[in-house]
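Note sheet for the following structure.
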Amino acid sequence: MPLRRFLRPLGVSVLALTTISLPAWSEEQGAADKPEGRLPLNDLRTFTKVYDHIRKGYVEEVTDSTLLEYAIKGMLSELDPHSSYLDATSYDDLQVNTRGEFGGLGIEVGMENGFVKVISPIDDTPARRAGVEAGDLIIKLGDKSVKGMSLSEAVKEMRGPKGSDISVTIVREGIDQPFDLTITRDIIKVQSVRSRILEEGYGYLRVAQFQLGTGQDVVRAINDLKAEDPNLKGMILDLRNNPGGVLQSSVEVADAFLNEALVVYTEGRIANADLQYSAKPGDETDGLPLVVLINDGSASASEIVAGALQDHRRAVIMGTESFGKGSVQTVIPISEERAIKLTTALYFTPSGRSIQAQGIVPDIIVERAKITAIQPRNRFTEADLSGHLNNVNGGAESKSKDREAAQRNNGELLDRDNQLYEALNLLKGLHIFGKGKQHPVTKMASAEDQ
């Protein structure tokens, strides 16, 4: 979901549109003489003429309230892909989304050239299972063309009862022709945080979306990993295909890995748009080596976390360039049931980088690829020979069957997720050169040198 800051109705100045009063100066006055803050007379005349022509001449009768609502939608949709008008349904959906449960297909979307663009499919949802990918363009929903729809109209079309099907026509880079996917709608319950031990000493933390409680869930998951494996040597934070979410939650997640440092700041035109968010003292991981995975489906709040950890050199960022959504949307209630979502600020990483339309560039680029390891020939080792000498240091023997089991486990991860495989290897390297103990031979040489 897009990055957003919620403003409650209390204390928000709301301008109610009732009538349009034309400025009190002659038409001959030039634009240079227009008093500051006054609306342009000629442009208002054009608007009222068009409005009147539609009222009187459109093939079907349209009410004044409907036309004015269309005008509001048009103003907002032309500003940028993320500003929009929220009717009663959209406003309710927006608030429900931040709690992590909503109905639909399970995709975060925006608009591009009049079509719906998939920012990211959400983990374990109908869209993900059907094969929807980040970067897909949706050109038809059922038998309706998306061209000409607003984003809220397209989202409304994708919503529906659990168990109902919708056909989605997709254009994907690298595929010559559009193709159809049939997706069965479901109640989307997003599990924000998941964790597990990848292998002894190395933890994995997946954040699928930034919801209101994600920061606390990440801290809890870190503590669970440390309890499961007290000898953790490093962690992987997976933010791939995470479309973002609540700004404060992204700050809390970054805070879990940083010790009293600036996380992000925002700048805009309105008085309360210039804000700074910082981490509190204490690193929940005690400085463990950290690798963060991102891709082109990592947007908004994900980029805040990755950018902060990268700027403070707290983590190595790996994967592919992120989406590049560096703007803040403020939800401003207009009435009890309606609101506008307006882009009011840009956010910046601690070093002053704007990510808008650029994204986070990983420290190490690793494209997602299908890689199959070349299986080694079955061979005997010294430990397989009858009557072999034991290891003089009492170390465990390395037999061919034990090596094959280790190779099989590594091969499965490589086949399933080459980016995660590379992140784990890098994490092991960071441990060896950072936290690893000195080799016994090195210690002996140092003693002799003294």
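The values are calculated or read from the model by the stated rules, or taken from the named source; none is laboratory data. Since this is a predicted model, take the numbers as computed values, not measurements. Counting neighbours? That spans all protein chains shown, and the Cβs are built from the backbone with ideal geometry, glycine included.
Figures for the structure shown
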item	result
Single residue of segment 283-305 satisfying the filter (of a type in the set (Ser, Thr, Tyr) and more than 21 Å from Arg220 (Cβ to Cβ)) that is surrounded by the most Cβ atoms within 10 Å (Cβ to Cβ)	Ser298
Residue match in segment 214-226 (condition: at pLDDT below 95 and either in contact with a strand residue (DSSP E or B) (Cβ under 7 Å, 6 or more places away or on another chain) or not aromatic (Phe, Trp, Tyr) (or both))	no
Residue within segment 289-304 that is among the hydrophobic types (A, V, I, L, M, F, W, C), part of a helix (DSSP H, G or I) and in contact (Cβ under 8 Å) with a residue 40 or more places away in the chain present	yes
Residue that is nearest to Val291 (Cα to Cα), among those in segment 413-435 that are of a type in the set (Asp, Glu) and surrounded by 14 or more Cβ atoms within 10 Å (Cβ to Cβ)	Glu422
Sole exception among (1) touching a strand residue (DSSP E or B) at 6+ places or on another chain (Cβ under 6 Å); (2) among the charged types (D, E, K, R); (3) at positive phi for Asp286, by number	(1)
Residue in segment 158-167 that is at pLDDT below 90, in contact with a helix residue (DSSP H, G or I) (Cβ under 9 Å, 6 or more places away or on another chain) and not assigned by TED's automatic domain parsing to the domain that holds Leu420 present	yes
Unique residue being more than 24 Å from Gln211 (Cα to Cα), surrounded by fewer than 16 Cβ atoms within 10 Å (Cβ to Cβ) and at pLDDT 90 or above when the list is Leu79, Leu137	Leu79
Boolean, Gly352 is closer than 23 Å to Pro81 by Cβ and surrounded by fewer than 24 Cβ atoms within 10 Å (Cβ to Cβ)	no
Evaluation of Val132 against (1) buried (at least 20 other Cβ atoms within 10 Å of the Cβ); (2) farther than 23 Å from Asp80 by Cα; (3) out of contact with any Pro (no Cβ under 7 Å at 6 or more places or on another chain) (one fails), failing number	(3)
Count - residues of segment 255-288 that are in contact (Cβ under 8 Å) with a residue 40 or more places away in the chain, farther than 23 Å from Ala345 by Cβ and of a type outside the set (Phe, Trp, Tyr)	4
Gln358 vs. criteria among the polar types (S, T, N, Q), in contact (Cβ under 8 Å) with a residue 12 or more places away in the chain and crowded, with 24+ Cβ neighbours inside 10 Å	no
